[in-house]
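Written out below as structure tokens is the structure these notes cover.
A short reminder: the numbers here are calculations on the coordinates, not readings from a lab. Please read these numbers as outputs of a predicted model, since none were measured by experiment. In this analysis, Cβ positions are derived from the backbone assuming ideal geometry, glycine residues included, and neighbour counts consider all displayed protein chains.
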């Protein structure tokens, strides 16, 4: 039961504050952090529809700028992001999601997209074979 | 000695990989995380000069889009960000900085800019009086 509990124990998003979030050219940046380890998993953008669907379903949705389409993260890979809480910054122009990540966030098979340090070292954990998933 | 040690113990940025980072309209987004607690402190943008100065000085520099000028974080407040390491994502279009934050990152006096959750609760720690600093 713990998994379903941790899903429903997040914030009640129906009480979301009536903040006018700043969508720039229709998009707001979202930082995605593992709710437990605090590892930053990825960075993406939401449009208003993706934001609304994320609040409604508690599954992270984004706007894919490359594909120019709504993107339910995990739809192809099964690696969904279960949203535990959402924070926003002082200027209300950036979101921070705490999630429980199924599998890995990165399409290259890593737990986090930020798997390389600036000196070229691979620091991230490979958690799946991207060739078998995509 | 520990503080100076933790500064110099970060990556040797002179060995930064020869990656062609993707600056979009001259800017790359940067997520800033406390190197120890892993708290996400802020989100900002760098232009190429800010990125170069950050690597050279190990003090975080950004591009202020509102002021349209180079921005050495902490120059007014004294709340510098000492860069311990830098990571980049799979698409090389977003940076993740691990920093040691002097004081608070947020101009509203909080440790982190993400001090509010979506249900309106103040979850962040107030660490200075912004009226005395700015």
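Applying 1/(1 + (r/R0)^6) with R0 = 35 Å to the Cβ-Cβ distance of residue A:65 and residue B:132 gives a FRET efficiency near 0.30. Calculated mean residue ellipticity at 222 nm for the protein assembly as shown: -4000 deg cm²/dmol, from DSSP H runs with n ≥ 4 weighted as -39500 (n - 2.57), summed, divided by the residue count and rounded to 500. Its Cα gyration tensor gives segment B:27-133 an equivalent ellipsoid; the semi-axes, largest first and in whole Å, are 22, 16, 13.
Working from Cα positions, state the angle (0 to 90°, nearest 10) between the long axis of helix A:48-57 and the longest principal axis of chain A. Roughly 80 degrees between the two axes. Take every Cα pair under 8 Å in segment A:26-134 that's 6+ residues apart, average their separations, divide by the length, and report that relative contact order as a whole percent. The value is 23 percent. Distance from the A-onto-B rotation axis is smallest for the Cβ of the chain A residue given, in whole Å, as A:38, 2.
A Förster radius of 51 Å, combined with the Cβ-Cβ distance separating residue A:72 from residue A:119, puts the computed FRET efficiency at roughly 0.90.
Inter-chain Cβ neighbour count for A:116-127, averaged per residue, equals 5 (cutoff 10 Å, partner chain atoms only). Is the protein assembly as shown rounded, prolate or oblate when judged by the Cα gyration tensor, a ≥ b ≥ c being the square roots of its eigenvalues, rounded requiring a/c under 1.5 and prolate requiring a/b larger than b/c? Oblate shape, in that a/c is at least 1.5 and b/c is the bigger or equal ratio.
Give the calculated FRET efficiency between residue A:48 and residue B:25 to the nearest 0.05, with a Förster radius of 22 Å applied to their Cβ-Cβ distance. Once the sixth-power term is evaluated, E becomes 0.50. Partner shielding of A:52-62 amounts to 0, given as the average count of beta-carbon atoms from other chains within 10 Å of each residue beta-carbon.
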